[in-house]
Every structure is written in structure tokens, then in C-alpha cells.
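Each value in this text was obtained by applying a stated rule to the coordinates, not by laboratory testing. Please read these numbers as outputs of a predicted model, since none were measured by experiment. For neighbour counting, all protein chains shown are included, and Cβ atoms are generated from backbone atoms with ideal geometry for every residue, glycine included.
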Amino acid sequence: MEKTKIIVELSKTLNKKEIGRFSSSSSNILFEVKDLIEISFHKNEQIAFRAAWILENVYIKNLERFMPQSTYFLSVFSSQNNLSCRRHYGKILALMTDRKAPLVIKELIRKYDTEKLVEIVFSWLIDEKITVAIKSHCLNILANLNSKHSWIKDELIQTMDYLVDKESVGFYSKVKQIRKQLESI
């Protein structure tokens with residue numbers, strides 16, 4: 001589907017069911033993953049948000065569609081400035097770095113230069129404008145990437161110590177979970 005037609009579709013209010021339909025491999029309306037990534041940077045924040053939401057669902061439900069563009073996704077990750085999109089980008093990267101990620105994704109992350117990703121995720125974690133949901137994904141990403149960058153553990157513990165009193169109860173709960181994960185390493 002042409003990018004302009006996708007934008008027209010994403011200009012409409014969409015519910016969870018419609019997002020799922022656009023993400024499904026059996027859908028008669030298939031959005032190209034690269035187009036979704038590019039549209040997630042659209043100047044209209046609602047259109048960008050909907051593209052990122054569909055992108056997350058494509059990753060979860062239809063990884064084979066996402067895979068060819070996974071390196072492209074990683075390359076533009078740090079450029080995402082829309083807070084609504086960052087939530088979906090963060091979740092995708094948290095899933096990509098998870099120990100339960102598919103082998104093909106694990107291999108991609110192993111070979112990919114993740115230094116810039118770590119840097120941007122730490123910056124999101126300490127940014128006061130970032131919501132707890134995004135910060136939760138940041139904690140997962142950093143804890144997951146600790147196996148590749150052993151220095152993350154100490155830095156992450158210090159950062160969590162600093163932030164734990166400044167954030168919500170939900171953040172505190174997530175910090176407890178991440179501490180357990182780091183202790184098991």
C-alpha cells in the first residue's frame with residue numbers, strides 16, 4: 001500500500017481491534033514495515049502514534065514481516081522524539097533484547113553495535129518528561145543489554161537508586177524486579 005494511503009488510514013481514529021487487523025498477516029490491508037517506521041516520525045503526532053502502535057503489534061504478532069526491517073528500526077530508534085511513539089519503540093526494543101527473544105533477533109542484537117541504543121535509553125530513563133511506562137521499558141532494555149555491556153549493571157543500579165524516590169510507586173515496583181534480574185546475573 002502506498003504511504004499516502006497508509007497516512008489516510010492512520011488519520012482515522014482506530015481502536016485496538018483495528019490495530020490488530022492492520023498487524024495481522026491475514027489482513028487484506030498490509031502496511032509495509034518500513035513505511036510504518038517512517039510514518040512513526042510523521043509531523044502529525046496521532047498519525048505517528050498509530051503507526052508505532054501497529055508496528056509494535058506487527059513485531060509481536062507477525063515477526064517475519066518485521067524481521068527484514070529490524071536493522072532499520074534499530075538505526076532510527078534514537079531519532080524517535082514523539083513520546084507516544086517512544087512507548088511502542090521502547091517495548092519493541094525491550095522484546096528484541098529479552099532473553100526469550102527468537103534466536104534470529106538475539107543474533108541480530110549480538111552483532112549490532114548497541115552502544116548508541118544504550119546511550120539513548122539511559123537518556124530517556126533520566127528524562128523527567130518521560131512517562132513511567134517508557135522508563136519501565138528502558139529498565140528492561142538496559143538490564144537485558146547488560147549481558148553484552150557488563151558496565152551497564154553498576155550504572156543502572158546507581159541510576160535506579162537516584163530515580164527511585166523521584167518516580168511513582170509503579171516505577172519502584174519495576175526497579176525491584178530489575179534488581180532481582182541483575183542479581184541473578
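Here are the numbers for this structure:
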{"quantity": "Within a Gaussian network of the chain (alpha carbon springs, distance under 10 Å), most fluctuating of V169, V132, V33", "calculated": "V169"}
{"quantity": "Solution diffusion estimate, µm²/s, Stokes-Einstein, the range 1-112, Kirkwood Rh from C-alpha pairs, 10 °C, viscosity 1.306 mPa s", "calculated": "113 µm²/s"}
{"quantity": "Computed label-point distance, nm, for sites K5 and L83 using a 7 Å Cα→Cβ extension", "calculated": "3.6 nm"}
{"quantity": "GluC sites (Glu not before Pro) restricted to DSSP loop in the range 76-185 with at most 14 other C-beta within 10 Å", "calculated": "E128"}
{"quantity": "Highest-MSF residue in the chain out of T71, T97, T13 [GNM, Cα springs under 10 Å]", "calculated": "T13"}
{"quantity": "Relative contact order of the chain, pairs being alpha-carbon contacts under 8 Å that are 6 or more residues apart, as %", "calculated": "15 percent"}
{"quantity": "Candidates per trypsin sites (Lys or Arg not before Pro) in the range 1-101, loop by DSSP, up to 16 other Cβ within 10 Å", "calculated": "K12, K43, R99, K100"}
{"quantity": "Estimated FRET transfer efficiency (I157, L63; beta-carbon r; R0 41 Å; 0.05)", "calculated": "0.80"}
{"quantity": "Theoretical FRET efficiency, 1/(1+(r/R0)^6), r = Cβ-Cβ of N15 and R110, R0 35 Å, to 0.05", "calculated": "0.40"}
{"quantity": "For the range 161-185 versus the range 92-123, the gap between their alpha-carbon centres in whole angstrom", "calculated": "20 Å"}
{"quantity": "Alpha carbon convex hull of the range 115-185, volume per residue in cubic angstrom", "calculated": "71 Å³"}
{"quantity": "Environment charge at C138 (Cβ cut-off 11 Å; Lys +1, Arg +1, Asp -1, Glu -1)", "calculated": "+4"}
